[in-house]
Amino acid sequence: MTRDVFLKQMGLATAAVLVGSLDGLAATNKKKLKVALIGCGSVSGSYLPHLKRSNLIEVVSVCDIIFERALSRAEEFKIPNAYRNIDEMLAGFPFDMMITTTDMQEHGWINKKGLLAGKHVWSEKPMANTYAEGKALADLAKSKNLHIWGAPAVVNSPQFAFMNKCIQEGKLGRVASAHGQYGHTGPTWSSFFYEENGGSMPDLGVYNMATLTGLLGPARSIMAMTSIVNPERTIDGKGKINVVAEDNAHVLLEHDKGIISHIMCGFNFFDPHGHQAHNQKLHSLQIFGDKANVRLVGYDWETNGVYLDNSETEPAQLLSTESGGYEWKEGATVTGESLLTGIKPKITTEHVLHVLEIIEAARLSSATGKKISMKSTFTWPMM
Ligand SMILES: NC(=O)c1ccc[n+]([C@@H]2O[C@H](COP(=O)([O-])OP(=O)(O)OC[C@H]3O[C@@H](n4cnc5c(N)ncnc54)[C@H](O)[C@@H]3O)[C@@H](O)[C@H]2O)c1
């Protein structure tokens, strides 16, 4: 079935999906965006309840190659259709947007199939395995008047907005350096995290890469060292596997105006709080200027506030402590809703692709010992 036929059948013409305003939405008589999620593993358990809370979204289908998982999520979240693979799902109940939460290595080809079938796409990170593959997806989407967006959603947090404002208003003075770190002892439930094109950079470092480039501007070049600290892992239901992707990474980013930032991520970081971001009292990211510094408490994907240090005599102030409704798993919901409301999401495809290129450049830098120039850029400041 073509997209045109589908839209006619569903009475949800493109014009209705892409209405430019909330008034337009009212005129569509409360039609909802129909979404289908592929990959019913761990993260789907966070995505589906968030999607179900949206008044503008209807989750019509779920899919997993381990069919019992799709059936189980369908039952848990009262979703009418469950499928065994993407082809069945695309040929099945019509929908507008695909949400990809499969193994990281599968995202590229799955997202391409979704776009070719005329679906908008939200993808968990990374959007594709390489920058070139990701850029081709973005071009394909554009050529078909569709959207593709990807995780993470860190730029949506009020704390990101607060730090951005501090920098843009010159509160930090001349910004020079920044550091971000994120790690835990590594997932045990799936082996793809440790296989080729997996690793701690696309799974964890990606958050800090999005935050620091979002705040400091595009990276112009990258230097990195990555390693495998733990060459063997035990995966639930699978036993011992050999680790192929890095589980330890240090990445240096050169931004404009001499600003240098550093990101450290890994699957070997002891985490005393059991990885619960709301329990984190320490900062994981800091930005230094010559008038003030900011320190982000908790992780950038779920933060508990920002310390602003701008006095030599007074203690740092803890500011921006409210979540403002932001949740790390909101990306698919927010971008999906934007197709109906016309409210432009803060997450941009060009930024997501830039981060993907950083990961690729870091792998190349580590392998060759060279500084790698970046090709991609994005519109900055982001807000
Ligand atoms: N687990 C989390 O809390 C979390 C948080 C943020 C982001 N993520 C990201 O979400 C993605 C998924 O992670 P996860 O932890 O949920 O993994 P997972 O292994 O728990 O789930 C992945 C699911 O995808 C299914 N799958 C794989 N290939 C498929 C295919 N071709 N078609 C249909 N289904 C397929 C698998 O059977 C599995 O059920 C990754 O990109 C990860 O980085 C995970």
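The values are calculated or read from the model by the stated rules, or taken from the named source; none is laboratory data. Quick caveat: nothing in here was measured; it's all calculated off a predicted structure. Please note: Cβ atoms are built from the backbone with ideal geometry, for glycine as well, and neighbour counts cover all protein chains shown. Keep in mind that these areas ignore ligands, DNA and RNA; they rest on the heavy atoms of the full protein, side chains included. Shrake-Rupley method; radii C 1.70, N 1.55, O 1.52, S 1.80 Å.
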(request) Working only within the range 50-75, note down all residues that are buried (at least 16 other Cβ atoms within 10 Å of the Cβ), within 9 Å of the ligand (Cβ to nearest atom) and either more than 16 Å from LEU90 (Cα to Cα) or not hydrophobic (A, V, I, L, M, F, W, C) (or both). (result) ASP64, ARG69
(message) Tell me the residue from ILE99, ILE86 that is at pLDDT 95 or above, within 24 Å of PRO152 (Cα to Cα), within 11 Å of the ligand (Cβ to nearest atom) and buried (at least 24 other Cβ atoms within 10 Å of the Cβ), please.
(response) ILE99
(request) With a cut-off of at least 2 residues that are in contact with a His (Cβ under 6 Å, 6 or more places away or on another chain) and touching a residue at least 60 places away in the same chain (Cβ under 8 Å), name the strands (runs of 3 or more DSSP E) lying wholly within the range 91-165. (result) 97-100
(request) Output the residues belonging to the range 102-152 that are away from the ligand (no atom under 16 Å from the Cβ) and within 17 Å of GLY205 (Cα to Cα). (result) TYR131
(message) I'm trying to understand the selection: among the residues of the range 364-383, which are open to solvent by 70 Å² or more (accessible area, probe 1.4 Å) and small (Gly, Ala, Ser)?
(response) ALA367, SER373
(message) Anything in the range 185-225 that is within 10 Å of the ligand (Cβ to nearest atom), open to solvent by less than 10 Å² (accessible area, probe 1.4 Å) and touching a Phe, Trp or Tyr at 6+ places or on another chain (Cβ under 6 Å)? List them, or say none.
(response) PRO187, GLY198, LEU204
(request) Report whether or not THR130 is at pLDDT 95 or above, of a type in the set (Val, Ile, Thr), under 30 Å from ASP96 (Cα atoms) and open to solvent by 10 Å² or more (accessible area, probe 1.4 Å). (result) yes
(message) Quick check on my filter: what residues within the range 226-238 are surrounded by 15 or more Cβ atoms within 10 Å (Cβ to Cβ) and either of a type in the set (D, E, K, R) or in contact with a Cys (Cβ under 9 Å, 6 or more places away or on another chain) (or both)?
(response) ARG233
(message) Among the residues that make up the range 140-162, is at least one of them in contact with a Phe, Trp or Tyr (Cβ under 7 Å, 6 or more places away or on another chain), buried (at least 21 other Cβ atoms within 10 Å of the Cβ) and among the aliphatic types (A, V, I, L, M)?
(response) yes
